[in-house]
Structures are given as C-alpha cells and as structure tokens.
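Asks: I have a structure I would like to understand better, so I am pasting it below and will then ask my questions one at a time.
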Amino acid sequence: MDFKRILKNLDWWLISAVVILMACGLGLIDSATHSFAVSTGKAWHVQRQSMFMAFGILLVSVSLTFDYHVLKNYASKLYIFNIILLLIVMFVGHSQLGAQRWIQIGSLSFQPSEFAKVFLIICLATFMDKRIEWLEEFKDYLPVFAYILVPFVLVMRQPDLGTSLTFIAILVGMIFVSGFKYKWFFRLALAFVALLPVFWLILKDYQKNRIRVFLNPELDPFGSGYHVIQSKIAIGSGGFLGKGWLAGTQSQLNFLPENHTDFIFAVAGEEFGFIGTVFIICMYLIIIWRGIAIALDADDTFGMLLATGVTSMFMFHVMVNIGMTAGIMPVTGVPLPFLSYGVSSLTTNLMLVAILLNVKVRKKNLQF
C-alpha cells in the first residue's frame with residue numbers, strides 16, 4: 001500500500017482527538033509537576049513524556065506500512081513472551097507504591113502489565129478468530145476464558161487490580177461482538193456476585209481499604225480516603241471556567257497526590273473547570289465513537305475483534321479513571337489515556353491507536 005493511499009484513508013477524527021489529548025496532557029503534566037520541578041529538574045516530566053510521544057508517533061507511522069493480518073503469525077510467540085515478562089516482574093521486578101510492577105533496566109523502568117494489554121488484545125483476537133465458527137454454546141467459550149486466565153492471575157499477583165479488570169473489560173467486549181448471549185452475561189454476573197466473598201479474601205489490605213473508602217471516604221480522611229477527598233475538592237473548586245493554568249491550589253500546593261498520573265483529571269477540573277473537563281470527555285467520546293465505527297466496518301472478524309478489544313480498553317480506562325477522581329468508583333490505579341504521565345502507558349496507548357488505524361486503512365473499499 002503506497003503512502004498516499006494510507007494518508008487518504010486515515011481516520012482523521014481519531015488522530016485529531018488523540019493529538020489534542022496528548023497536547024492537553026503535556027500542559028496538565030507541566031502544571032501538575034510545577035511545584036516539585038526543583039527536585040526533578042525543570043520540565044523533566046514534560047520532556048520525557050514528549051520524547052516518548054515522538055517515539056510513539058514514529059511507531060504508529062511505521063506500523064501503518066504493515067498489514068495488521070501479519071499479527072496472527074506472531075500471536076503464539078507474543079503470548080509466551082507476555083507470560084515470560086510477567087514472570088520476570090514477579091521474581092525480579094522493581095517495587096514502587098507497594099506493588100511489584102516494574103522492570104528496571106539502567107535508568108529506564110517500564111511496566112510490562114501495560115504492554116500486556118496490547119499482547120492480550122492481539123493474542124485473544126487471533127485465538128477467537130480461529131474458533132469463531134464454533135462459538136455457539138456457553139461451553140464453547142470456556143477455552144477463551146482459560147486463555148486469559150494465566151496473564152490475569154500473574155497481573156493480580158503483582159498486585160495490579162486495575163490492569164486485571166482491564167483484561168476482563170477487553171474479554172467482555174470481544175465475546176459480546178462474537179455472539180455471546182445476554183442470558184449468559186446475566187448468569188456470569190450472578191456468579192460474580194456469589195463469588196464476591198472469595199474475591200474479598202484474596203484482595204490485599206490496601207485494596208480492601210480502597211473499597212471501604214469508596215463507600216465512605218470519611219472513614220479514613222488522612223489515609224486511604226485522602227486521594228478521593230482532595231480530588232473531589234479540586235474538581236469542585238474549579239467551578240465553571242476553572243482557576244487557570246498553574247493556578248490550581250490543590251495541585252500547586254501538593255494537596256492532591258499523584259496529580260500528574262492517576263489524578264490528572266482532577267487537575268484539569270480545578271484549572272479549566274466544567275468547560276475543560278467536558279472538552280476532554282468529548283475527545284474521549286470521539287475516540288470511542290471512531291473505535292466502534294472501525295470495528296463495525298472492519299472487513300473481517302479478526303479486524304473487528306482487534307478494534308473491539310482496543311475500544312473496550314479505552315472505554316474502561318476513561319470510565320474508571322474519571323469515575324475514581326469524581327468519587328463514584330473505587331481507586332484502582334488506572335491511568336487516563338494520553339493525559340496521565342507514564343511512558344509505558346503512553347507507548348501502549350499509541351500502539352493501540354496504530355492497530356485501530358491499521359484496521360481502518362486496510363479496508364477493501366478504500367478511496368483512491
């Protein structure tokens with residue numbers, strides 16, 4: 001496929017929304033880290049995020065020259081590679097914030113569970129595509145459930161509840177478009193409710209505290225509930241138009257923890273108000289809309305499953321992150337795509353955008 005054909009058939013709505021969000025992210029990260037820039041170096045976070053942003057854009061551009069169908073050939077190897085990476089984290093991973101999720105190589109650290117999302121989408125789409133004609137009864141889906149069980153358990157062991165739940169969201173999206181019946185979803189929901197006491201027993205203490213605090217933030221206002229309380233104060237104090245860039249007191253005075261990563265939406269709410277947060281949400285709605293459109297318009301089942309998996313992941317991340325900053329969902333450590341600081345997360349998200357664009361430009365009825 002020549003370069004002109006690729007350019008003509010790119011999804012510019014999707015690209016525009018992603019670029020706008022990344023630009024907004026740089027501004028918010030700069031503001032969120034402004035107060036502690038003395039210790040890390042001026043604009044260190046912004047420079048690092050920008051560097052990996054450029055790398056990610058280059059990665060997207062190069063990936064468009066390859067047909068997404070070649071991913072099928074590497075699915076088995078990617079699945080094994082994913083398991084190996086997660087096992088390495090378990091035994092020699094770097095601990096931070098009470099979790100062992102990072103691999104340190106010199107001065108660079110990365111989070112394999114972030115890249116595991118990409119690997120899972122590719123591998124699960126390949127696995128289901130090969131069996132799509134036989135997925136008729138509930139029992140036919142049991143191998144699909146078993147397929148994600150190993151990476152799910154390994155990520156839970158880190159522990160990383162947010163990524164584990166992301167795996168479930170990806171699975172739900174893919175089995176839904178494959179013809180999984182509504183009554184089976186209902187039965188699984190009942191089974192999940194029945195197993196809640198078991199899940200509660202395997203959660204870490206800090207994860208249990210997060211759920212307790214979600215139900216009542218005032219239960220531990222200076223501990224587990226501190227993040228949510230300060231986040232709600234920040235968003236509420238922004239009002240309609242916000243306090244202005246670099247003028248958010250909750251963020252600039254360091255009352256709001258993790259303000260450049262998990263709680264960056266609260267920074268947007270405080271500094272740019274209701275208008276700013278609505279604008280950001282609209283950008284995410286465009287990404288989700290285009291993801292759904294690409295999935296529905298895909299030429300084959302594999303492309304549909306890939307696009308569905310990517311869109312399900314983005315939808316889950318946006319809902320959970322914005323929900324936890326507003327206090328309507330438990331804190332799970334799920335970053336906000338393209339806005340939160342984090343080079344592993346940013347690179348992963350751009351890889352997923354590359355998959356969506358690849359499915360779009362590889363349609364048979366392309367424009368010439």
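Asks: So which residues in region 230-247 are within 15 Å of L28 (Cα to Cα) and without any contact (Cβ under 8 Å) to a residue 40 or more places away in the chain?
Replies: A234, G238, G242, K243, G244, A247
Asks: Could you check, for region 321-340, whether at least one of its residues is of a type outside the set (D, E), open to solvent by less than 30 Å² (accessible area, probe 1.4 Å), farther than 24 Å from I132 by Cα and in contact with a Lys or Arg (Cβ under 7 Å, 6 or more places away or on another chain)?
Replies: Yes; the residues of region 321-340 include at least one that is of a type outside the set (D, E), open to solvent by less than 30 Å² (accessible area, probe 1.4 Å), farther than 24 Å from I132 by Cα and in contact with a Lys or Arg (Cβ under 7 Å, 6 or more places away or on another chain).
Asks: Take the conditions hydroxyl-bearing (S, T, Y) and either open to solvent by less than 70 Å² (accessible area, probe 1.4 Å) or touching a Pro at 6+ places or on another chain (Cβ under 7 Å) (or both) and apply them to S76. Does it pass?
Replies: no
Asks: Under 7 Å between Cβ atoms, at least 6 apart or on separate chains: pull out the pairs that start in region 1-24 with a residue that is under 17 Å from M351 (Cα atoms) and open to solvent by less than 60 Å² (accessible area, probe 1.4 Å) and end on any residue that is aromatic (F, W, Y) and outside any helix (DSSP H, G or I).
Replies: V18/F338; L21/F338; M22/F338
Asks: L256 - would you say it is assigned to a loop (DSSP other than H, G, I, E, B) and open to solvent by less than 10 Å² (accessible area, probe 1.4 Å)? Walk me through how you get there before you give the answer.
Replies: Details: assigned to a loop (DSSP other than H, G, I, E, B): yes; open to solvent by less than 10 Å² (accessible area, probe 1.4 Å): yes.
Yes; evaluated as a whole, the condition is true for this residue.
Asks: Also: Only one of these is surrounded by 11 or more Cβ atoms within 10 Å (Cβ to Cβ), free of Cβ contacts under 8 Å to residues at least 24 places away in the same chain, part of a helix (DSSP H, G or I) and of a type outside the set (K, R): W184, W200. Name it.
Replies: When all the criteria are applied, what remains is W200.
Asks: What is the one condition in (1) surrounded by 15 or more Cβ atoms within 10 Å (Cβ to Cβ); (2) at pLDDT 90 or above that F110 does not satisfy?
Replies: (2)
Asks: Further question: If you scan region 208-218, which residues turn out to be surrounded by 13 or more Cβ atoms within 10 Å (Cβ to Cβ), at pLDDT 70 or above and of a type outside the set (D, E, K, R)? Give the steps one after another, and end with the answer.
Replies: In the first step, residues of region 208-218 are kept if they are surrounded by 13 or more Cβ atoms within 10 Å (Cβ to Cβ); the result is 208-214, 217.
Of the ones still in play, those that are also at pLDDT 70 or above are 208-214.
Matches in region 208-218: N209, I211, V213, F214.
The values are calculated or read from the model by the stated rules, or taken from the named source; none is laboratory data. Keep in mind the model is a prediction, meaning the values are calculated, not measured. Cβ sites come from the backbone with ideal geometry, for glycine too, and all protein chains shown count toward neighbours. All accessible areas refer to the heavy atoms of the entire protein, side chains included, with ligands and DNA or RNA removed. Shrake-Rupley method; radii C 1.70, N 1.55, O 1.52, S 1.80 Å.
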